[in-house]
């Protein structure tokens, strides 16, 4: 039962789309990273790939957030500063987990899965979708 809940959490649907192909593709990649971790946990390999996953997550989020922040600036998104602060908080938490994993302190990969679930639910599903709403209201075509 818990497995299907987590799987559903990391399944990309059109509900997460912001309407900008590049951003949507990057979000899909974040879902894939989360699902990779979930599968590794189910197979008992979560701890073995934790450091590599976190390194990839930190690198990919920097890449993705830069694109998303450029988009927000370009469209004059009114929530830009708040959204950028959320990005910095997510970056900081991911780096902290990476440091803890490197030092051997973070070994329970469930914590990482919970972090990723929270990210998907609260950030992509709400904050990023507000960007889509702004684009639609302003009738901008950025696809």
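The values are calculated or read from the model by the stated rules, or taken from the named source; none is laboratory data. These figures come from a predicted structure and were not determined experimentally. Here the Cβ positions follow ideal geometry from the backbone for every residue, glycine too, while neighbour counts run over all protein chains shown.
The combined condition, being assigned to a helix (DSSP H, G or I), under 11 Å from the mean Cα position of the chain (by Cα) and over 21 Å from residue 14 (Cα atoms), is not fulfilled by residue 120. Taking the numbered list (1) over 15 Å from the mean Cα position of the chain (by Cα); (2) surrounded by 11 or more Cβ atoms within 10 Å (Cβ to Cβ); (3) part of a helix (DSSP H, G or I); (4) modelled with pLDDT of 85 or more in turn, residue 74 passes all entries but (2).
Whenever a residue of region 114-126 is free of Cβ contacts under 8 Å to residues at least 12 places away in the same chain, its partners that are surrounded by 16 or more Cβ atoms within 10 Å (Cβ to Cβ), lying with C-beta atoms within less than 9 angstrom and at least six residues away or across chains, give the pairs 122/86.
A count restricted to region 13-67 and to residues that are touching a residue at least 24 places away in the same chain (Cβ under 8 Å), touching a helix residue (DSSP H, G or I) at 6+ places or on another chain (Cβ under 9 Å), within 25 Å of residue 77 (Cα to Cα) and in a helix (DSSP H, G or I) stands at 17. Test residue 41 against the stated conditions and say whether it is more than 13 Å from the chain's Cα centre (by Cα) and over 30 Å from residue 19 (Cα atoms). Considered against the rule, which asks whether it is more than 13 Å from the chain's Cα centre (by Cα) and over 30 Å from residue 19 (Cα atoms), residue 41 comes out as yes. Evaluation of residue 102 against the conditions (1) at pLDDT below 90; (2) exposed (fewer than 15 other Cβ atoms within 10 Å of the Cβ); (3) under 24 Å from residue 15 (Cβ atoms) shows that the sole unmet condition is (3).
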